[in-house]
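Novice: Dropping the structure in here first, questions after.
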Amino acid sequence: MRHRLRPFLAVIIAARALAADPVAEDANLKFFRDMAETRNFTLGRPVSPKFSPDGATVFFLRASPRSPVLRLYEFTVADGTERELLSPEQLLGGGGEQISAEEKARRERQRQSMKGFTAFELSQDGARLLVSLSGKLYLVNRSDLKFTELPGQNWIDPHFSPDGKFVAAVKDRELHLIALASFAVTPVTRGATELISHGTSEFVAQEEMKRDHGYWWSPDSTSFLYQETDETGVENRYVANSLHPEEVPAKFAYPKAGSPNAIVHLGLVSRSGGATTWVSWNVAKFPYVARVSWDNPAAPLTILVQNREQTEQMLLAVDPATGATRELLRETDAAWINLDYEVDTPLWTTDGKFFLWTTESRGSFQVELRDASGHFIREITPVSFAYRGLVGLDEATKSVIVRGSHDSREVQLWRFPLEGGGGQAIASERGHHHAVLAKHAGRMVHTFDQFNGRYGVEVMTTTGQRLAQLKVTAETPLRLPTTELTEAKSLPLFDAAITRPHDFQTGKKYPVIMQVYAGPTSKTVNAVIRSYLPDQWMADQGYIVVRVDGRGTPWKGRDWERVIKGNFIDIALNDQIAGLLALAGQYPELDLSRVGVTGWSFGGYFSAMAAIRRPDVFRAGVAGAPVTTWENYDTHYTERYLGTPQTNPEAYKVSNVTTYASELRRPLMLIHGITDDNVYFQHTMQLADALFMAGKPYELLPMLGTHMIADPVVKLRQQQRIIEFFNLNLKGTQ
């Protein structure tokens with residue numbers, strides 16, 4: 001096989017030409033096109049639900065089944081009626097949506113690829129809503145549906161004040177205030193430069209900590225806590241659009257492993273501006289601000305800070321008058337401390353006397369109760385329960401609502417008594433369940449995605465009584481995947497999923513494609529049947545598609561996950577192979593003489609490693625957006641597992657794909673978006689160069705776009721190239 005550089009422009013032009021003539025497609029292509037255009041049949045589902053203060057109304061966003069444009073709706077629980085409050089078309093007047101470069105970057109960090117109203121906010125009195133579109137802000141009155149455009153543009157991260165009299169938002173790297181009585185706009189902070197910003201979170205907070213906000217209102221609406229970010233020492237990276245070389249490359253401050261991070265300080269300032277009172281803690285030792293909580297007038301302002309190694313963290317209470325801090329609790333872990341991405345803990349009781357905290361200190365994630373001084377009171381969820389997220393505290397029934405189960409593949413809704421004792425399942429049908437809790441009404445919006453294909457959104461009480469059903473307009477697939485959830489009978493046991501062709505023939509041997517992630521923070525074997533639609537598409541081309549979750553993946557306890565400390569690949573690779581071999585012993589239809597592997601991001605990294613290091617098992621690999629050289633990935637993620645390149649160079653060497661480039665013996669395809677600002681195209685080019693210099697053949701598919709691929713035609717063409725590659729190298733056909 002020779003080097004082949006597939007021209008991405010030709011691919012896209014051909015894709016768009018064929019898009020105009022879908023009649024030419026066969027059934028398999030139509031299936032994938034339907035899947036891509038409907039976002040795995042999720043467009044048309046209600047998203048981002050919020051309750052009115054009295055719990056009588058639910059506000060939500062919803063797109064149409066084949067359009068990713070979100071509109072704003074209102075649902076009345078009592079009679080089940082729905083009305084559309086606002087559409088992007090009303091505001092744009094026929095024009096197109098314009099998104100600033102800064103907002104595009106924020107959405108990339110949030111994995112947000114929808115259009116229209118991607119977020120909205122309800123005032124605390126429930127009378128008005130705030131939406132943003134094309135960098136402009138709009139105020140919507142619920143009573144008459146009249147909307148008002150607020151002054152200014154290019155706004156970032158807008159929020160009502162708790163009293164509903166003001167809106168705060170960021171533009172030009174400064175926090176601003178908009179008075180809703182006069183529409184006067186005034187800056188709250190000053191002194192921003194090209195390297196110093198106020199009111200926005202830094203890259204690693206958005207990308208890795210899932211902390212999107214860089215300012216917080218005080219509960220009495222009189223002041224702010226805001227973040228000052230100094231990127232003076234952070235390395236800059238420049239991303240050019242090769243299709244438009246006349247454009248100036250985009251510049252990003254990107255802290256790669258072992259290099260300086262942005263310096264973050266927190267300041268307290270009056271809403272009218274003026275002098276800042278800086279929050280005092282040991283920033284040098286604890287540079288990461290992971291969480292901020294300041295929404296309860298009876299509870300203190302709290303911040304969660306971590307050391308750079310992420311082996312120690314402190315929860316601090318802040319005095320808003322002086323900026324002084326006091327320690328509420330401290331946690332350490334010899335390997336690393338995971339953040340709870342599901343909730344901004346601590347979650348305080350209304351009276352401010354207690355708070356809920358989530359921790360892995362006993363071996364797996366749990367919810368516990370602590371008093372206002374931080375002293376431990378009791379465990380709320382048992383260590384044996386596979387906790388997945390904290391929904392909230394229902395003080396009326398003195399219970400804590402959580403997501404989790406006793407099966408790591410499922411996510412149910414459970415209620416545990418605040419005073420301790422056994423829990424009770426509220427929604428336990430096999431699948432994944434989510435909920436948003438009303439503040440005081442004892443109600444929640446329950447979203448379920450079951451393994452039998454049933455999906456719905458309903459309003460229910462916190463004790464499980466169903467009250468109303470929200471409308472879902474999403475299309476449903478003509479056939480569900482054949483996926484079987486199972487266990488690989490290896491030691492240890494691994495969660496696994498097998499997807500067979502719809503025309504599967506007993507006694508026949510099929511080539512195998514392993515669909516992988518195989519790394520921390522993401523589990524691939526889940527009881528959500530729609531997540532296997534891409535697997536089914538590949539399976540229907542004549543394959544068995546297999547997923548395995550080995551050690552290093554989440555939700556099976558601290559020790560299970562932390563065995564990869566200092567080495568990203570060896571245990572992960574051995575576990576995937578052990579799982580595959582065990583499954584082949586259980587399911588004779590798996591032909592181990594024809595095994596391919598594919599994945600994206602960490603899964604792309606793993607696929608490249610698997611194809612290179614274990615040619616005895618994997619006959620071909622497709623690596624999408626792979627991180628090939630970990631010293632070029634960001635600090636907060638990489639150093640959590642590998643330390644720094646300066647202190648642990650061997651960890652980076654053994655985990656580096658280019659270390660093994662000369663060992664490639666099997667066909668390998670590399671796919672990457674050339675404007676990816678998360679896993680830079682640099683990674684694929686470094687591996688391509690190493691392979692070239694070692695005299696090893698490979699295929700390269702550069703694509704327009706970033707780390708996310710939303711365009712359905714591009715997704716279709718990408719999958720066609722992947723299946724063609726596997727057909728050629730696992731079947732000998734194309």
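The values are calculated or read from the model by the stated rules, or taken from the named source; none is laboratory data. It should be emphasised that the depicted structure is a prediction, and the values quoted were computed from it without experimental measurement. Cβ sites come from the backbone with ideal geometry, for glycine too, and all protein chains shown count toward neighbours.
Novice: Only residues that are part of a helix (DSSP H, G or I) and either on the phi > 0 side of the Ramachandran plot or in contact (Cβ under 8 Å) with a residue 40 or more places away in the chain (or both): list them for segment 651-689, please.
Specialist: Hits for segment 651-689 are Ala651, Tyr652, Val654, Val657, Tyr660, Ala661, Glu663, Gln682, His683, Thr684, Gln686, Leu687.
Novice: Another question about this same structure. Taking the stated definitions as given, is Ala181 at pLDDT 95 or above and outside any loop (DSSP other than H, G, I, E, B)?
Specialist: no
Novice: Here's another thing I want to ask about it. Has segment 443-454 got any residue that is on the phi > 0 side of the Ramachandran plot, in contact (Cβ under 8 Å) with a residue 60 or more places away in the chain and more than 22 Å from the chain's Cα centre (by Cα)?
Specialist: Yes, that holds for at least one residue.
Novice: Could you grab me the full set of residues in segment 663-687 that are buried (at least 19 other Cβ atoms within 10 Å of the Cβ), hydrophobic (A, V, I, L, M, F, W, C) and out of contact with any strand residue (DSSP E or B) (no Cβ under 6 Å at 6 or more places or on another chain)?
Specialist: The answer is Leu664, Val679, Leu687.
Novice: Could you tell me how many of the residues in segment 483-519 are without any contact (Cβ under 8 Å) to a residue 40 or more places away in the chain, of a type in the set (D, E, K, R) and closer than 13 Å to Leu580 by Cα?
Specialist: The total comes to 1.
Novice: Output yes when any residue across segment 698-710 is part of a loop (DSSP other than H, G, I, E, B) and either over 30 Å from Ala101 (Cα atoms) or over 26 Å from the mean Cα position of the chain (by Cα) (or both), and no when none is.
Specialist: Among the residues of segment 698-710, at least one is part of a loop (DSSP other than H, G, I, E, B) and either over 30 Å from Ala101 (Cα atoms) or over 26 Å from the mean Cα position of the chain (by Cα) (or both), which makes the answer yes.
Novice: Let me ask something additional. Give the residues of segment 348-391 that are among the small types (Gly, Ala, Ser) and not in a strand (DSSP E or B), sorted by residue number.
Specialist: Gly352, Ser361, Gly363, Ser364, Ala372, Ser373, Gly374, Ser384
Novice: If you check Ala497, Ala527, Ala488, which single one turns out to be of a type in the set (A, V, I, L, M, F, W, C) and more than 26 Å from the chain's Cα centre (by Cα)?
Specialist: Of Ala497, Ala527, Ala488, the one residue that is of a type in the set (A, V, I, L, M, F, W, C) and more than 26 Å from the chain's Cα centre (by Cα) is Ala488.
Novice: Right, here's the next one. Among the numbered criteria (1) under 28 Å from Ala181 (Cα atoms); (2) surrounded by fewer than 18 Cβ atoms within 10 Å (Cβ to Cβ), which one does Ile156 miss?
Specialist: Result: Ile156 fails condition (2) only.
Novice: Then there is this: Here are some conditions: (1) at pLDDT below 95; (2) within 23 Å of Gln227 (Cβ to Cβ). Lys171 meets all but one. Which one does it not meet?
Specialist: (1)
Novice: Can you pull out the residues in segment 327-368 that are touching a Leu at 6+ places or on another chain (Cβ under 7 Å) and without any contact (Cβ under 8 Å) to a residue 24 or more places away in the chain?
Specialist: Phe354
Novice: Let me ask something additional. Quick one: how many residues across segment 502-524 are more than 30 Å from Glu342 (Cα to Cα) and either surrounded by 19 or more Cβ atoms within 10 Å (Cβ to Cβ) or within 25 Å of the chain's Cα centre (by Cα) (or both)?
Specialist: 4
Novice: If you don't mind, there's one more thing I want to ask. Applying the selection to segment 294-309, what residues are polar (S, T, N, Q), buried (at least 22 other Cβ atoms within 10 Å of the Cβ) and either under 22 Å from the mean Cα position of the chain (by Cα) or closer than 23 Å to Tyr641 by Cβ (or both)?
Specialist: Across segment 294-309, the qualifying residue is only Gln306.
Novice: Still on this structure, I have one more. Can you spot a residue in segment 472-495 that is part of a loop (DSSP other than H, G, I, E, B), of a type in the set (Gly, Ala, Ser), farther than 30 Å from Asp575 by Cβ and touching a strand residue (DSSP E or B) at 6+ places or on another chain (Cβ under 6 Å)?
Specialist: Within segment 472-495 (the criterion being part of a loop (DSSP other than H, G, I, E, B), of a type in the set (Gly, Ala, Ser), farther than 30 Å from Asp575 by Cβ and touching a strand residue (DSSP E or B) at 6+ places or on another chain (Cβ under 6 Å)), the answer is no, since none of the residues qualifies.
Novice: Just name the residue that is surrounded by the most Cβ atoms within 10 Å (Cβ to Cβ) out of those in segment 528-565 that are assigned to a helix (DSSP H, G or I) and of a type in the set (Phe, Trp, Tyr).
Specialist: Among residues in segment 528-565 that are assigned to a helix (DSSP H, G or I) and of a type in the set (Phe, Trp, Tyr), the one surrounded by the most Cβ atoms within 10 Å (Cβ to Cβ) is Tyr532.
Novice: Which residues, counting only those in segment 113-128, are more than 17 Å from the chain's Cα centre (by Cα), in contact (Cβ under 8 Å) with a residue 60 or more places away in the chain and within 21 Å of Gly95 (Cβ to Cβ)?
Specialist: Phe120
Novice: From the list Ser259, Ser221, Ser242, which residue is part of a loop (DSSP other than H, G, I, E, B), hydroxyl-bearing (Ser, Thr, Tyr), touching a Lys or Arg at 6+ places or on another chain (Cβ under 9 Å) and in contact (Cβ under 8 Å) with a residue 60 or more places away in the chain?
Specialist: Every option except Ser221 fails the conditions.
Novice: Can you tell me which residue in segment 103-152 is farthest from Ile178 (Cα to Cα), limited to those that are exposed (fewer than 15 other Cβ atoms within 10 Å of the Cβ) and acidic (Asp, Glu)?
Specialist: For segment 103-152, the residue satisfying everything is Asp144.
Novice: Could you check, for segment 416-439, whether at least one of its residues is in a strand (DSSP E or B), farther than 26 Å from Lys556 by Cβ, in contact (Cβ under 8 Å) with a residue 40 or more places away in the chain and basic (Lys, Arg)?
Specialist: no
Novice: Only one of these is of a type in the set (Phe, Trp, Tyr), touching a strand residue (DSSP E or B) at 6+ places or on another chain (Cβ under 8 Å) and more than 30 Å from Thr483 (Cβ to Cβ): Trp357, Trp414. Name it.
Specialist: On inspection, the qualifying residue turns out to be Trp357.
Novice: Could we say that Leu268 is under 29 Å from Phe120 (Cα atoms), part of a strand (DSSP E or B), touching a residue at least 60 places away in the same chain (Cβ under 8 Å) and not β-branched (Val, Ile, Thr) here?
Specialist: Judged against the criteria, Leu268 is not a match.
Novice: For the subset of segment 362-376 comprising residues that are surrounded by fewer than 15 Cβ atoms within 10 Å (Cβ to Cβ) and not acidic (Asp, Glu), which member is farthest from Asp333 (Cα to Cα)?
Specialist: For segment 362-376, the residue satisfying everything is Ser373.
Novice: Are there helices (runs of 4 or more DSSP H) fully within segment 1-99 with at least 2 residues that are of a type outside the set (D, E, K, R), crowded, with 19+ Cβ neighbours inside 10 Å and at pLDDT below 90? List them.
Specialist: Those helices (runs of 4 or more DSSP H) span 8-19.
Novice: Among the listed residues Thr598, Thr638, Thr553, which satisfies the condition of being in contact with a Gly (Cβ under 8 Å, 6 or more places away or on another chain), touching a residue at least 60 places away in the same chain (Cβ under 8 Å), of a type in the set (S, T, N, Q) and on the phi < 0 side of the Ramachandran plot?
Specialist: Residue meeting the stated conditions: Thr598.
Yes/no matrix, rows are residues, columns are (1) surrounded by fewer than 17 Cβ atoms within 10 Å (Cβ to Cβ); (2) out of contact with any helix residue (DSSP H, G or I) (no Cβ under 9 Å at 6 or more places or on another chain); (3) more than 19 Å from Glu360 (Cβ to Cβ):
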position	(1), (2), (3)
Ile401	no, yes, yes
His406	yes, yes, no
Arg409	no, yes, yes
Trp414	no, yes, no
Gly431	no, no, yes
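Novice: In segment 618-629, how many are within 30 Å of Gln306 (Cβ to Cβ) and surrounded by 24 or more Cβ atoms within 10 Å (Cβ to Cβ)?
Specialist: The total comes to 4.
Novice: Of the residues Thr706, Thr733, which single one is polar (S, T, N, Q), surrounded by 17 or more Cβ atoms within 10 Å (Cβ to Cβ) and farther than 13 Å from Met669 by Cα?
Specialist: Being polar (S, T, N, Q), surrounded by 17 or more Cβ atoms within 10 Å (Cβ to Cβ) and farther than 13 Å from Met669 by Cα holds for just one of Thr706, Thr733, which is Thr706.
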